[in-house]
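What follows is a single structure, written as structure tokens, with notes after it.
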Amino acid sequence: MKRPVYALFLFVFMLAACNQSADNTNSDKKDPDPNHQKAMHAFSDIEKKDTFEVNLTGNKPADMVVAFTITRFDGQKIYDIKIKATDLLGSTDPNIDLRKEQDQINFIHTIVKEFLSEEKFLVPAVTKDQEPDDYAPDKNFYTELKQTGLNGFTYRLGKENNYYIAWSEAEKKVKIYYNCC
């Protein structure tokens, strides 16, 4: 009687060990790459979602480059810029100490991590009651956005250089509709 109970106990123990091993394998999946961010939002079309991607390459601030692309829902790349990481370090808040290289790297990683945060997506880009001011480089495009109701996106280069971009249905390209502090 002891042998069958012992064999049953051993079988259950081995089965549990196998299941636990499989669970551990699944939980060991790596976190998403911190140098790559991806988000999908309506941008060139009010209903269909485009893909926004940010990739950071390089190991030292002088060599680091942030690639920012927007790909339309139909697969067409509509925005593709490369930003030197050193440009992101310029004109930063004077209270942030970036004298050490590791602090610069951490700061750049934070920018990449937050580049596609939800508050950067502007729905809509321009409301019907907003009027263009001196920071709107193309008043006609600003008016177009009021009429189409398309969404916008904003990103920052340095402390006081914010770009606001949106899709121009008339010109079939992404344009800056506001550039300010």
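Each reported figure results from applying straightforward, stated rules to the coordinates on display, with no laboratory input. Since the model is a prediction, treat every value here as computed from it, not as a measurement. Here the Cβ positions follow ideal geometry from the backbone for every residue, glycine too, while neighbour counts run over all protein chains shown.
Sorted largest first, the principal axis extents computed over the alpha-carbon atoms of region 36-119 equal 45, 24, 18 Å.
Within the same chain, aspartates and glutamates fewer than 8 places from residue 60 are excluded, and of the rest, those with a Cα less than 15 Å from its Cα are 87, 101, 103. Taking 7 Å steps out from each Cα toward its Cβ at residue 96 and residue 143 produces label points 3.8 nm apart. A cut-off of 5 Å between modelled amide H atoms, ignoring neighbours fewer than 5 places along the same chain, links residue 168 with 173, 174, 175. Remark: region 60-77, residue by residue, has Karplus-estimated 3J(HN,Hα) of 10, x, 5, 9, 6, 9, 9, 9, 10, 10, 10, 10, 5, 4, 8, x, 7, 6 Hz, where x stands for each Gly or Pro and the curve is 6.51 cos²θ - 1.76 cosθ + 1.60 at θ = phi - 60°.
Taking 24 Å as the cut-off for C-alpha to C-alpha distance, list the pairs among 49/120; 48/128; 82/175; 84/172; 100/120 that go past it.
Result: 84/172; 100/120 exceed 24 Å.
Label sites at residue 67 and residue 48, each approximated as a point 7 angstrom past Cα along Cα to Cβ, lie 2.4 nm apart. Under 16 Å from a point placed 7 Å out from the Cα of residue 81 along the Cα-to-Cβ direction: which residues of region 153-171 have their backbone N that close? Within reach of a label on residue 81, which here means backbone N under 16 Å from a point 7 Å along Cα→Cβ, region 153-171 contributes 153-168.
Is region 24-169 best put as rounded, prolate or oblate by its Cα gyration tensor, with a ≥ b ≥ c the root eigenvalues, rounded for a/c under 1.5, and otherwise prolate when a/b is larger than b/c, oblate when not? Judged from the Cα gyration tensor, region 24-169 comes out oblate (a/c at least 1.5, b/c at or above a/b). Over all projection directions, the Cα-based convex hull of region 109-181 averages an area of 5.0 nm².
Here the 3J(HN,Hα) profile of region 138-154, calculated from phi with Karplus coefficients 6.51, -1.76 and 1.60 at θ = phi - 60°, is 9, 5, 5, 5, 4, 5, 4, 5, 4, 7, 7, x, 5, 7, x, 9, 10 Hz, Gly and Pro shown as x.
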